[in-house]
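Below is one structure, written out as structure tokens, with a few remarks after it.
The values are calculated or read from the model by the stated rules, or taken from the named source; none is laboratory data. None of these values were measured; they are calculated from a predicted model. Because the Cβ atoms are built from the backbone with ideal geometry, glycine has one as well, and the counts that use them run over all protein chains shown. With ligands, DNA and RNA removed, areas are computed over all heavy atoms of the protein, side chains included. Shrake-Rupley method; radii C 1.70, N 1.55, O 1.52, S 1.80 Å.
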Amino acid sequence: MHIIHIGAEVAPAAKVGGLGDVIYGLSRETQKLGHQIELILPKYDILLTEEIKDFECTLKTFPVVYDGKEYKNTIWKGNIGGLKVYFIDAHHPDHFYSKGCIYGCRNDIDRFLYFSKAAWELIRVLDLSPDIVHLHDWQTAAIALLAKEKPIPNAKIVFTSHNMEYQGRCAPHEIERIGLKKSKYYVPGNMQDSVYPEALNLMRGALLYSDHVTTVSPTYAEEVKTSRFGMGLDSLLKEIGGKFQGILNGIDFDYWNPETDRHLTAHYGPRELPKTGKNHHILDRKGYVKKSLRNRLQLDESHRPIVGSITRLVPQKGVEIIKHAIESVVKMGGQFVLLGSSPIPALDEEFHQLKRKFADHPHVSITLLHQEELAHMIFAASDMFIVPSNFEPCGLTQMIALHYGSIPIVRCTGGLKDTIVDVDTSGKPLEQTNGFTFKEQTPQAFDAALKRAIGYWRDQPDTWRKLVINGMTWDFSWKNPTKEYIRLYENLKSQKARTKKVAV
Ligand code: ADP
């Protein structure tokens, strides 16, 4: 099969959060199984070009009509982790992709409507003839409409929402810029927003006009059909019924691998070498990474667990609990290491204040940056990892943490519920468990889970070690999720074949 993914991120060259990891991991696993994969991405000024091989211009002038005017584009081609990627460089006077960021610009709607139009035209002009065009998040939602208006023969559209909070609300006239009629789509029950009726909602368009819609975990797929989690899309998600499903994300076990990770100061794994070997327990080398992280962050070297958190600092992620956790962890005898960044100025300021408050603390480190390499070190050095989200479509950090031998403490919601099995409350034997969960979004509920985890770490080291090995050997790879996606793609492809037969 020939599959083209279109999205705003691809790790590690253009990554803000989980979206980049998912497009990278799913594409690589699908390609390994022999399918043809191509990706389309804007050519941002902040691309990490050292992560792109054979980066070259492939089409000098590629025209796109936007808002009634024709603009030139340059198309680049490159290879990210073995994947073929096309990059769109727009010669638009607003310099859409030269803003020093991926998202968060005043004109994001314009930037990504333009990208959507250009990406769809590119597939047509290069005559790529895909079986499946897989769209990711609101930034590419408009392609589902373009695909209905200007179809590419035999191409089916799959849309994945990685987070229903971000829907792409815009002024209704804005879709006219990509040649679509406002009067046709800005209609109740169609793309008119159900919460803000003066707005047009791009994600609604993708839900209505794609051939299939997925989200990133089975539990979240159920949650978003309720008014509490659906962010105004719950009724529509119920209406589209059978064409909507949840498929759990995975993580790329080549990229996230403590035995080979290029960012670590020592490598380790869950395997034990023959007793004659010098380093009999290769898991013990995790201790070297812990030591180097403490050194780097100037943390005290006493016998304490490191509790890590790596996250976008936005309300979804449970920032109140994260703030509370700093002192709680220290009180319970741990060290707290936070790596986060916030697109929200008030939250950013609050965390900078906390950073100043704990600047010389021997057991607290707060880094307010986006730093891939430090993230790998924290996953590896920490003993526990907190994910206290209010809601969580899937969450990748709890799976990465497990693979690095750091035990998750998570709130029981969305994908966290689908991936973490509580040591005490699940009723399962220890070898079928992998972490600690709490239900209520309160400091007390969080503290109770943290206390249980620290209790095991301190008082039952053998049990803890078993738990760490369970986590490291748990299969959160892309193997199973990819099989589900391929089944879905094949079903869609055969629908097309069936329709064709009937037509003949
Ligand atoms: P989301 O996509 O909602 O941000 P996920 O858990 O799905 O959350 O994915 C987060 C990804 O982004 C993980 O790979 C995590 O390591 C990474 N990440 C988040 N914040 C940072 C940061 N400040 N520095 C480096 N990596 C980060």
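Here are the numbers:
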| item | result |
| --- | --- |
| Cβ pairs under 6 Å, 6+ apart, first in region 176-193 and closer than 18 Å to V64 by Cα, second in a loop (DSSP other than H, G, I, E, B) | R177/D67 |
| Residues satisfying the stated conditions in region 374-396, i.e. polar (S, T, N, Q) and either closer than 20 Å to T260 by Cβ or away from the ligand (no atom under 12 Å from the Cβ) (or both) | S382 |
| Pairs, first of a type in the set (D, E, K, R) in region 382-394, second part of a loop (DSSP other than H, G, I, E, B), C-beta under 6 Å, six or more apart | D383/P305; E392/T413 |
| G100 in a loop (DSSP other than H, G, I, E, B), touching a residue at least 40 places away in the same chain (Cβ under 8 Å) and open to solvent by 20 Å² or more (accessible area, probe 1.4 Å) | yes |
| Out of E51, E70, sole residue that is among the charged types (D, E, K, R), at pLDDT 95 or above, closer than 26 Å to E29 by Cβ and open to solvent by 30 Å² or more (accessible area, probe 1.4 Å) | E51 |
| Set D252, D261: member being over 18 Å from the mean Cα position of the chain (by Cα), farther than 23 Å from Q139 by Cα and within 16 Å of the ligand (Cβ to nearest atom) | D261 |
| Complete set of residues in region 138-193 that are hydroxyl-bearing (S, T, Y) and crowded, with 19+ Cβ neighbours inside 10 Å | T140, T160, S161, Y185, Y186 |
| Residues that are of a type in the set (S, T, Y) and away from the ligand (no atom under 13 Å from the Cβ), drawn from region 414-446 | T425, S426, T433, T437, T442 |
| Of all residues in region 14-29 being more than 9 Å from the ligand (Cβ to nearest atom) and crowded, with 24+ Cβ neighbours inside 10 Å, the one that is farthest from N257 (Cα to Cα) | A14 |
| Selected residue (criterion: farthest from the ligand (Cβ to nearest atom)) from residues of region 210-228 that are surrounded by 20 or more Cβ atoms within 10 Å (Cβ to Cβ), among the hydroxyl-bearing types (S, T, Y) and over 11 Å from T413 (Cβ atoms) | S210 |
| Residues (out of contact with any Pro (no Cβ under 8 Å at 6 or more places or on another chain), hydrophobic (A, V, I, L, M, F, W, C), closer than 19 Å to N249 by Cβ and outside any helix (DSSP H, G or I)) located in region 186-219 | V213 |
| Test: residue in region 79-86 that is in contact (Cβ under 8 Å) with a residue 12 or more places away in the chain and over 22 Å from I486 (Cα atoms) | yes |
| Residue check for S389: at pLDDT 95 or above, under 17 Å from F229 (Cβ atoms) and buried (at least 18 other Cβ atoms within 10 Å of the Cβ) | yes |
| Some residue of region 339-346 being away from the ligand (no atom under 16 Å from the Cβ) and touching a residue at least 24 places away in the same chain (Cβ under 8 Å) | no |
| Members of region 351-373 found to be without any contact (Cβ under 8 Å) to a residue 60 or more places away in the chain and within 16 Å of the ligand (Cβ to nearest atom), listed by number | F351, H352, L354, K355, I366, L368, L369, Q371 |
